[in-house]
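Undergrad: First, the structure itself, so that you have it in front of you.
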Amino acid sequence: MEIPLFPLRTVLCPGIALPLHVFEPRYRLMTERCVESSSPFGIVLIREGRETGPGTVALAGIGTLAEIREAARRPDGRYDLLVVGTGRFAIEEVDAEREPYLLGRVVLLDEDVGDVDRSTTLAARTMRRFVAYLQLLQPLEGETADEIDVRVEIETETGEAEEPEVGDVVVELEIEPETSPEASGSSAVADLGPPASEAPPDSEEEAKRNAKLNAAARRLLIPDDPTTLSYLFSGIIQIDPPRRQRLLEAATTEDRLKLLDELIDRELWMLRRRFRFYTPDDRQASVRRS
């Protein structure tokens, strides 16, 4: 299978929607052709090099198919896109000569759950701990922080995909507390146990914050499929691109959930100490990876 490649310094996970502003002439041409043919392109992480301009780039070996959900062309030819990740691929060969943009010969990757029982157990643990993580991302009284703006495409109980929605993930993602046995489809409820915010609040502001989070938790719809859940959380967790790429490249759902569990441990430790804005050096991450 051959697809256009769009190298970026970001990682797209299946099920996550990503807004893009396309301004380079070569990628405008790529976008125009993909829109006309209703075909996807591939988003792949740049390991080394630049997103724009001439020069060579080192690409990750695994990327994500991006289907265009919305496309708006500006008068000057630039595009505003909303794309959704639909599946992973491995790059076998890159052609940089035939078109102004890169073409990749790729093979689509199947999803291997690993051990089903362990994956299900890990998924339940990840759901519980991720709520605590989202709670700690909220600024405390006197702190300021930008909202986490994430678009997610989910499936409803009818099995139909909803349009990607945008918003603060802490508030906009919804967890249903219970579901009827008649419900069908790829989504289900999760018993998250008592929320972390049940502890007595330290202030009126803390009480408001916890009330907001608990209201969101009562509405959040979580997929019961461990693979879908693993990609959902991989796309939401606030980590640097090399770590998110490791999640994308995990050989099995079980491996991805294990890595997520480790990353949530790390994030919870830092957030409890209010190390909200810590970002590791990409070069150090590369050394650790090797």
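Undergrad: Specify whether the C-alpha gyration tensor of segment 1-130 places it in the rounded, prolate or oblate class, a ≥ b ≥ c being the square roots of the eigenvalues: rounded for a/c under 1.5, otherwise prolate if a/b is larger than b/c and oblate if not. Don't skip to the answer; put the middle values down first.
TA: Values: a/c = 2.12, a/b = 1.67, b/c = 1.27.
Taking the square roots of the gyration eigenvalues as a ≥ b ≥ c, segment 1-130 is prolate.
Undergrad: Could you sort 239, 264 by their accessible area in this structure, using a 1.4 Å probe and putting the largest first?
TA: Numbers: 239 25, 264 0 Å².
Listed by decreasing accessible area, they come as 239, 264.
Undergrad: Among rounded, prolate and oblate, which fits segment 56-144 when a ≥ b ≥ c are the square roots of the eigenvalues of its C-alpha gyration tensor, a/c under 1.5 means rounded, and a/b larger than b/c means prolate?
TA: oblate
Undergrad: Using heavy-atom solvent-accessible surface (probe 1.4 Å) with all chains present, what is the largest-first order of 273, 73?
TA: Largest to smallest exposure gives the sequence 73, 273.
Undergrad: If you place +1 on the Cβ of every Lys and Arg and -1 on the Cβ of every Asp and Glu, how big does the dipole about the Cα centre of segment 1-129 come out, in debye to the nearest 20?
TA: The dipole of segment 1-129 has a size of about 580 debye.
Undergrad: Moving on. Using θ = phi - 60° and the Karplus form 6.51 cos²θ - 1.76 cosθ + 1.60, what ³J(HN,Hα) does each residue of segment 237-254 get, whole Hz, x for Gly and Pro?
TA: 4, 8, 9, 6, x, x, 5, 5, 5, 4, 5, 4, 7, 3, 5, 9, 4, 4
The values are calculated or read from the model by the stated rules, or taken from the named source; none is laboratory data. In this text, all values refer to a predicted model and were calculated from it rather than measured experimentally. Every residue, glycine among them, receives a Cβ derived from its backbone with ideal geometry; neighbour counts consider all protein chains shown. Each accessible area value is taken on the protein alone, full model and side chains, heavy atoms only, with ligands, DNA and RNA left out. Shrake-Rupley method; radii C 1.70, N 1.55, O 1.52, S 1.80 Å.
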